[in-house]
């Protein structure tokens, strides 16, 4: 599933498929629980992301929660909190925030609670 470059989305996105984001998202969160989310080089996400795996080539501002791995590629800019047991930060990537690998379970509980209310 893909979201094209000319789209601007406000609000929650939920999918049961892998998701490729090539647009601007504001507000979120983006839920792809158990799946992969890819933020392409032209994409800008100002929202929380919850997935199994998150790969960022573009820009993300918010909390990124991944149950497996967060990959921040050399072209990426990430501002916020990363909660994942594994993080890969490539040379040249821009990251301003915190990495909290041991907070995964509590971050998932909080995100799910927010989603339910």
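Please verify whether residue 11 is free of Cβ contacts under 8 Å to residues at least 24 places away in the same chain, over 15 Å from residue 99 (Cβ atoms), in a strand (DSSP E or B) and over 12 Å from the mean Cα position of the chain (by Cα), treating the condition exactly as stated.
Numbers: free of Cβ contacts under 8 Å to residues at least 24 places away in the same chain: yes; over 15 Å from residue 99 (Cβ atoms): yes; in a strand (DSSP E or B): yes; over 12 Å from the mean Cα position of the chain (by Cα): yes.
It is true that residue 11 is free of Cβ contacts under 8 Å to residues at least 24 places away in the same chain, over 15 Å from residue 99 (Cβ atoms), in a strand (DSSP E or B) and over 12 Å from the mean Cα position of the chain (by Cα).
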Counting only residues that are within 14 Å of residue 97 (Cβ to Cβ) and touching a residue at least 24 places away in the same chain (Cβ under 8 Å), segment 65-79 contains a total of 2
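Every residue in segment 40-51 that is more than 17 Å from residue 100 (Cβ to Cβ), part of a strand (DSSP E or B) and under 10 Å from the mean Cα position of the chain (by Cα), please. If you could, list the steps in order and put the result at the bottom.
So the first thing to find is which residues in segment 40-51 are more than 17 Å from residue 100 (Cβ to Cβ), and the list is 40-47.
Next cut, part of a strand (DSSP E or B) only: 44-46.
Once the filter is applied, which keeps residues that are more than 17 Å from residue 100 (Cβ to Cβ), part of a strand (DSSP E or B) and under 10 Å from the mean Cα position of the chain (by Cα), segment 40-51 yields 45, 46.
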Residue set 62, 97; condition in a strand (DSSP E or B) and either within 17 Å of residue 9 (Cβ to Cβ) or touching a residue at least 60 places away in the same chain (Cβ under 8 Å) (or both); output residue 62
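What about residue 85, is it modelled with pLDDT of 90 or more and surrounded by fewer than 16 Cβ atoms within 10 Å (Cβ to Cβ)? If you could, list the steps in order and put the result at the bottom.
Details: modelled with pLDDT of 90 or more: yes; surrounded by fewer than 16 Cβ atoms within 10 Å (Cβ to Cβ): yes.
In short, yes.
Pick out the one residue from 17, 68 that is over 10 Å from the mean Cα position of the chain (by Cα), part of a loop (DSSP other than H, G, I, E, B) and under 23 Å from residue 115 (Cβ atoms). Even if it seems obvious, please write down each step before you answer.
Details: 68 fails: part of a loop (DSSP other than H, G, I, E, B).
Only one candidate passes the filter, namely 17.
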Counting only residues in segment 20-39 that are at pLDDT 95 or above and surrounded by fewer than 22 Cβ atoms within 10 Å (Cβ to Cβ), the one farthest from residue 99 (Cα to Cα) is identified as 35
(1) over 15 Å from the mean Cα position of the chain (by Cα); (2) at pLDDT 95 or above all hold for residue 105 apart from (2)
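The values are calculated or read from the model by the stated rules, or taken from the named source; none is laboratory data. Here the structure is a predicted model, which means the values were calculated and not measured. Virtual Cβ from ideal backbone geometry, glycine too; neighbours counted across all protein chains shown.
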